[in-house]
1. Can you tell me which residue among 223, 242 is in contact (Cβ under 8 Å) with a residue 12 or more places away in the chain and surrounded by 13 or more Cβ atoms within 10 Å (Cβ to Cβ)?
2. Which residue is farthest from residue 169 (Cα to Cα), if the candidates are limited to the range 193-220 and must be crowded, with 18+ Cβ neighbours inside 10 Å and either of a type in the set (D, E, K, R) or in contact (Cβ under 8 Å) with a residue 40 or more places away in the chain (or both)?
3. Every residue in the range 120-152 that is modelled with pLDDT under 90, part of a loop (DSSP other than H, G, I, E, B) and aliphatic (A, V, I, L, M), please.
4. Out of 125, 131, which single residue is without any contact (Cβ under 8 Å) to a residue 24 or more places away in the chain and either in contact with a Leu (Cβ under 8 Å, 6 or more places away or on another chain) or not small (Gly, Ala, Ser) (or both)?
5. With respect to residue 195, determine if the residue is modelled with pLDDT of 90 or more and in contact with a Phe, Trp or Tyr (Cβ under 6 Å, 6 or more places away or on another chain).
6. Within the range 129-188, which residues are surrounded by 12 or more Cβ atoms within 10 Å (Cβ to Cβ) and β-branched (Val, Ile, Thr)?
7. Scan the range 1-44 for residues that are in contact with a Gly (Cβ under 7 Å, 6 or more places away or on another chain) and without any contact (Cβ under 8 Å) to a residue 40 or more places away in the chain and report the count.
8. Among residues belonging to the range 88-106 that are in contact (Cβ under 8 Å) with a residue 40 or more places away in the chain and over 16 Å from residue 17 (Cα atoms), point out the one that is farthest from the chain's Cα centre (by Cα).
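The values are calculated or read from the model by the stated rules, or taken from the named source; none is laboratory data. What you see is a predicted model; the values in this text were computed from it and never measured. In this analysis, Cβ positions are derived from the backbone assuming ideal geometry, glycine residues included, and neighbour counts consider all displayed protein chains.
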Amino acid sequence: MQLNLTKPIIFFDIESTGVSVGQDKIIEICLFKIFPDGKEEIKTYRINPERHIPEQATKIHGITDEDVKDKPTFKQLAGELHAFIGNSDLAGYNSNKFDIPILVEEFLKSGVDFEISNRKFVDVMNIFHRMESRTLKAAYKFYCGKELIDAHTAEADTKATYEILLAQLDRYNGVEYVDNEGNVSTPVVNDVKALHEFTRNSNWVDMVGHLVYDANGKECINFGKYKGRIVEDIFKNDPSYFSWMMNADFPLSTKKVITEIKLRGFSK
């Protein structure tokens, strides 16, 4: 099948120093341009972000400081990239949430006014998520082959969840899983401890992810102006931040954790 196009569209993907659109930098971009007549053109660039690439990011995409130290900066490439993109529409996977915003941010920081009002954006991930429902009812149909009667009643939903897990154990018995670091395992096994390890948010400190562990096991803020900063250091250098968190609308479970961190700091 060929896309029905009235103007070029560019499928693209970005690797970056992190996931903050406002703070992080692009270190690799691939642009796959498709023309209405079916012609294709692809360009891939490595980019010097002019800052250290965190080890946590390198574990995901494999790009190190050494790999990009002699590459041009985004500002140096901005004119060439802007010319290649031209008036093309843009498409990607999770591109509406991350790739397009960080691309626009980089252009603006380079003094290039990247126009978006005349473009269409196609996010393939959103098609996937909207067409393949992620509801309990859809999961019950997919794994168990049955319709969920009385959905959204606690008893029906609870029993359906149990049946889904049993079906998952059968379906994924011996099936390999590859994580973001390339590690291969067969994690869906009939063992609660193993299932706990596979399904938990492993780097969350609190119950909702306001605090996360960094690569060294240190508790860090995961939001706002101090995102990525070590909690103990923040409380030491800005004592009012602890008070603000305790008085703000955070879950009590989060407040319990930061209180423990604060008290630990006093004991040192």
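1. After applying the criteria, what remains is 242.
2. Ranking the candidates gives 219 first.
3. Of everything in the range 120-152, those that are modelled with pLDDT under 90, part of a loop (DSSP other than H, G, I, E, B) and aliphatic (A, V, I, L, M) turn out to be 149, 151.
4. 131
5. No, not satisfied.
6. 161, 164, 186, 188
7. Looking only at that region, the number is 1.
8. Selected residue: 88.
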